[in-house]
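My questions will all concern the structure given below.
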Protein chains: 2
Amino acid sequence: VDEQMGLTYHVDGALVPAEEASVDVRDRGFMYGDAGFETLRVYGGTVFAWAAHVDRLERTLSTLGFAEAMPPCDDLRDRVRATVDANAFDDCWAKLSISRGVQPGKLTPGPRVDPTIVVTVGELPRGGVAGEAVWDDPATVRIATTRKPDPAAFPPAAKTHNYLNGILARRELRDTDADEAVLLDADGYVTEGATSNLFFVADGRLKTPASGRPLLPGVTRSVVLDLAREEDVPVETGSYRPNDLLRADEVFLTNTSWEVRPVTRVDGTAFEVGPLTRLLGRLFDERVEAEYDA
Amino acid sequence: VDEQMGLTYHVDGALVPAEEASVDVRDRGFMYGDAGFETLRVYGGTVFAWAAHVDRLERTLSTLGFAEAMPPCDDLRDRVRATVDANAFDDCWAKLSISRGVQPGKLTPGPRVDPTIVVTVGELPRGGVAGEAVWDDPATVRIATTRKPDPAAFPPAAKTHNYLNGILARRELRDTDADEAVLLDADGYVTEGATSNLFFVADGRLKTPASGRPLLPGVTRSVVLDLAREEDVPVETGSYRPNDLLRADEVFLTNTSWEVRPVTRVDGTAFEVGPLTRLLGRLFDERVEAEYDA
């Protein structure tokens, strides 16, 4: 694939040309999606919110039952840094995956874990106040018929390589102009996008589905909630129906790459890019800008 | 891993030594579990129930939205045969996986699919009337607290590399003597084991959860249902509670490797290996034996 031409990845402790970066076909990451990951954003050579990402990765691996095989935080950061440096990137995304590796036997995980640790990267434009968004346009969203799995079936806070639920939701967008699918849970409450968290503004409040609903508690979601509270914006987390969303004054999405991305359409309903969305986008940019000054 | 020493696998059209068999780290099978698979049983050089397996694989890829990238049936069979022959196996399992491969972009699948096709194998004892079971003892089962996902979240009939639900259920068995976990659906009905279908005998009938419940319609399950009907055994498929299972006269599991495997314990309840389980095991062996005479 052209977009990885000339890139260097990091696999199992070594830098390797991207086109040679591979995992064993018997790696449980390939066979079962038995792996956790984080998508990181590097601004001016610094990984944004590293502590929050590594904490979540540890929680994911704990849910999968092999957190004890996770290398120390510094070791992981060295791998990410080495990969970013090898590509001479100032601004990029990096995906850090840790799988349970190859094990003898079949589905039941064995106690001895030799994890497979992979870092892939791709260049991005500069972020911050002086930067540009990675997206060209505001998002257009559709509410998918694919539902989020029940927490008793798939732990929603674990960010794993079992991503079929999101793929099926995104597949529903083909032949439409939408680029993100929002999923409801089994009870019909709004949860999140396939790769993003969802916010909306109503009654003068910033609202987002509570982490008690089945959703991934995003790092950017958490930063945005903090920024809003610091700015004395009334914040509410709760359980919302699609109609709450459709009647909102503003809607936006967050994730590590998109940061704060306005939504201008949900199904048949149009939205303006509103003042609170703009404010939070600007505050986020300022927070990021500080990474370049550090 | 020692058990693959000296084996030959088949990756993307070529035979390769198992220890060199790998997939790109950006393969969607590794990144997202975005792949379908079948576990096949080879008896005396012949793949058992090949047509049923290849049909299900096509349905899986259709659910994932890339069935058009599936090679013709004969091409797939040639890959399996070449792998079995390269290892000089008469009796073995073979796992045939087809992933959506490497694509540019992120989560949303692209329209152009160059699938990654992998065949892995491992030797097994001879099957049939003159053979031996791959399991040493009857199964001991626990009913897991992990539930099957709702069909609206994960299509249950698709056999994909998103296998975390089964892994979490199997993880519950550690520190117990059980070797299979049976999952209930969100409504509390019995569905299947992590890698097997479940049967029980009650009121003189052979019973198994209906395919309307969230479960994988197993190839061995289908063969066993056919064998029972041919023998005029009353068969019932339906929706059953754990108590229906615990009050049964006989319980057994089926899958491609285990064939018909008796269950002698479900949670705290013991079961004898009963006459209908023995009869169906024998009829299955006879069906298999015919593969050796062919």
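Just so you know, all these numbers are worked out from the coordinates, no wet-lab data involved. This is a predicted model, so every value here is computed, not measured. All Cβ positions, even for glycine, are placed from backbone atoms using ideal geometry, and neighbour counts span all protein chains on display.
What share of Cα pairs, in percent, lie more than 16 angstrom apart in the stretch B:112-169?
On the way: 1164 of 1653 pairs.
Summing the P(r) of the stretch B:112-169 above 16 Å gives 70 percent of all pairs.
Sticking with this one: So for the pair residue B:211, residue B:174, with labels modelled 7 Å out along Cα→Cβ, what separation do we get in nm?
Here the modelled spin labels are 3.6 nm apart.
Suppose only helical runs count, i.e. DSSP H with n ≥ 4. What mean residue ellipticity at 222 nm does that imply for the protein assembly as shown under -39500 (n - 2.57) per run, divided by all residues and rounded to the nearest 500 deg cm²/dmol? Let's see the in-between values first.
On the way: 14 runs with 156 residues, N = 588.
Calculated at 222 nm, the ellipticity per residue is -8000 deg cm²/dmol.
Now for a different question. What is the average number of partner chain Cβ atoms found within 10 Å of a Cβ in B:142-153?
Numbers: counts 0, 0, 1, 1, 4, 6, 4, 9, 7, 1, 12, 15.
Counting Cβ atoms of other protein chains within 10 Å of each residue's Cβ and averaging gives 5.
Assume the label is 7 Å from Cα along Cα to beta carbon: what separations in nm does residue B:212 have to the matching positions in the other copies?
So the label point of residue B:212 gives 3.4 nm to the other copies.
Let me ask you something else. In debye, nearest 20, what is the charge dipole magnitude of the protein assembly as shown about its Cα centre with +1 on Lys and Arg Cβ and -1 on Asp and Glu Cβ, if you could check? Let's see the in-between values first.
Details: 64 positive and 98 negative charges, 250 e Å.
It comes to approximately 1200 debye.
Neighbour counts of other C-beta atoms within 10 Å: give me B:129, B:288 arranged from fewest to most. Display every interim value, and only then the final one.
Values: B:129 13, B:288 22.
Ordered from fewest to most neighbouring Cβ atoms within 10 Å, B:129, B:288 come out as B:129, B:288.
Could you check the simple spin-label distance between residue A:237 and residue A:123, using points 7 Å along Cα→Cβ, in nm with one decimal?
Placing both labels 7 Å along Cα→Cβ, they lie 3.8 nm apart.
Still on this structure: Given a cut-off of under 8 Å on Cα pairs at least six residues apart, what relative contact order in percent is computed for chain A? Before the final figure, lay out each step's value.
Numbers: 578 pairs, mean separation 52.1, N = 294.
Reported as a whole number, the value is 18 percent.
So, with +1 on the Cβ of K and R and -1 on the Cβ of D and E, and no other charges, what is the size of the charge dipole of chain A about its Cα centre, to the nearest 20 debye?
Working: 32 positive and 49 negative charges, 229 e Å.
Roughly 1100 debye, rounded to the nearest 20.
So if a site counts as exposed when it's one of the GluC sites (Glu not before Pro), its DSSP state isn't H, G, I, E or B, and it has at most 14 other Cβ atoms within 10 Å, what's the longest stretch of chain A without one? Before the final figure, lay out the partial values.
Working: sites that count: A:132, A:231, A:272.
By the stated rule (loop sites, at most 14 other Cβ atoms within 10 Å), A:1-131.
Any idea what log10 I(q)/I(0) is at q = 0.06, 0.11, 0.12 Å⁻¹ for the protein assembly as shown, Debye with uniform C-alpha scatterers and no solvent?
Here the Debye-derived log intensity ratios amount to -0.33, -1.05, -1.21.
Within 10 Å of each Cβ in A:108-117, how many Cβ atoms from other chains are there, averaged over the peptide? Numbers along the way, then the final one.
Details: counts 12, 5, 0, 1, 0, 0, 1, 0, 2, 0.
Mean inter-chain Cβ contacts per residue within 10 Å come to 2.
Within the stretch B:112-174, which trypsin sites (Lys or Arg not before Pro) sit in a loop by DSSP and count at most 10 neighbouring Cβ atoms inside 10 Å? All intermediate terms of the calculation are to be shown ahead of the outcome.
Working: sites: B:112, B:126, B:142, B:147, B:159, B:170, B:171, B:174; in loops: B:112, B:126, B:147, B:159, B:174.
Counting only loop positions with at most 10 other Cβ atoms within 10 Å, the trypsin sites (Lys or Arg not before Pro) in the stretch B:112-174 are B:112.
Right, something else. Based on alpha-carbon positions alone, could you give the equivalent ellipsoid semi-axes of the stretch A:113-211 from the gyration tensor, as √(5λ), descending, whole Å? Show your work: numbers first, answer last.
Details: eigenvalues 110, 105, 51 Å².
Working through the eigenvalues yields semi-axes of 23, 23, 16 Å.
Enumerate by residue number the trypsin sites (Lys or Arg not before Pro) in the stretch A:22-71 meeting two conditions: DSSP loop (anything except H, G, I, E, B), and at most 10 other Cβ atoms within 10 Å of the site's Cβ.
Numbers: sites: A:26, A:28, A:41, A:56, A:59; in loops: A:26.
Filter output for the stretch A:22-71: empty list.
I've got another one for you. Can you find, among A:208, A:169, A:97, the residue farthest towards the positive end of the dipole of chain A? Put +1 on the C-beta of Lys and Arg, -1 on that of Asp and Glu.
A:169
Let me know the number of lysine pairs in the protein assembly as shown closer than 17 Å at the Cα, not counting same-chain pairs under 8 apart.
9
Okay, moving on. Within the P(r) computed for chain A, what percentage of the Cα pairs occupies the region above 32 Å?
Working: 11654 of 43071 pairs.
Result: 27 percent of Cα pairs exceed 32 Å.
Determine the shielding of peptide B:91-99 by partner chains: average, over its residues, the number of Cβ atoms on other chains within 10 angstrom of each Cβ.
On the way: counts 0, 0, 1, 0, 4, 0, 3, 0, 1.
Partner-chain Cβ atoms within 10 Å, mean over residues of B:91-99: 1.
Distance in nm between label sites at residue B:52 and residue B:75, each 7 Å beyond Cα in the beta-carbon direction?
For the pair residue B:52/residue B:75, the computed spacing is 2.6 nm.
Would you list A:117, B:143, B:98 from fewest to most Cβ contacts within 10 Å? Don't skip to the answer; put the middle values down first.
Values: A:117 20, B:143 17, B:98 27.
Sorted ascending by nearby Cβ count, the order is B:143, A:117, B:98.
With bins 5 Å wide starting at 0, give me the P(r) of the stretch B:45-183 over every alpha carbon pair, in whole percents.
Over the stretch B:45-183, the share of Cα pairs per 5 Å bin runs 2, 8, 13, 15, 16, 17, 15, 9, 3, 1, 0 percent.
Counting pairs of alpha carbon atoms under 8 Å apart in space and at least six apart in sequence, what relative contact order in percent does the stretch A:74-115 give? It would help to have the intermediate numbers written out before the result.
Details: 20 pairs, mean separation 11.6, N = 42.
Value for the stretch A:74-115: 28 percent.
A further question on this structure: Over all alpha-carbon pairs of the stretch A:1-53, lay out the pair-distance distribution in 5 Å bins, whole %, shortest bin first.
4, 15, 15, 21, 25, 14, 4, 0
Got a sec? Charge dipole of the protein assembly as shown, +1 on Cβ for Lys and Arg, -1 for Asp and Glu; which of A:251, A:72, B:284 is way out at the positive end?
Towards the positive end, the residue furthest out is A:251.
Going through the DSSP H helices of chain A, which span 18 Å or more along their own axis at the Cα atoms while scoring at least -1.0 as a mean Kyte-Doolittle hydropathy?
Numbers: long enough: A:50-64 (21 Å, -0.21); A:73-86 (20 Å, -0.71); A:275-293 (27 Å, -0.58).
Helices meeting the span and hydropathy rule in chain A are A:50-64, A:73-86, A:275-293.
Report, by chain and number, residues whose modeled amide H sits under 5 Å from the one on residue B:101, excluding near sequence neighbours (fewer than 5 apart, same chain).
Excluding prolines and chain starts, which carry no amide H, the hits are B:28, B:29, B:116.
Further question on the same structure: Based on a Kirkwood Rh over C-alpha pairs, give the Stokes-Einstein translational diffusion coefficient of the stretch B:138-277 at 20 °C and viscosity 1.002 mPa s in µm²/s. Numbers along the way, then the final one.
Values: Rh = 14.9 Å.
Estimated via Stokes-Einstein, D reaches 144 µm²/s.
Can you pull the three principal axis extents for the Cα set of the stretch A:67-129, in Å, largest first?
Largest first, the stretch A:67-129 extends 50, 22, 21 Å along its Cα principal axes.
I would also like to ask the following. Each residue of the stretch A:192-206 in order: what ³J(HN,Hα) in whole Hz does its phi give by Karplus 6.51 cos²θ - 1.76 cosθ + 1.60, θ = phi - 60°, with x for Gly and Pro?
6, x, 4, 9, 8, 9, 10, 10, 8, 10, 7, 6, x, 10, 8
Taking the Cα atoms of the stretch A:183-227 alone, what are Rg (to one decimal) and Dmax (as a whole number) in Å?
Answer for the stretch A:183-227, Rg first and Dmax second: 10.6, 31 Å.
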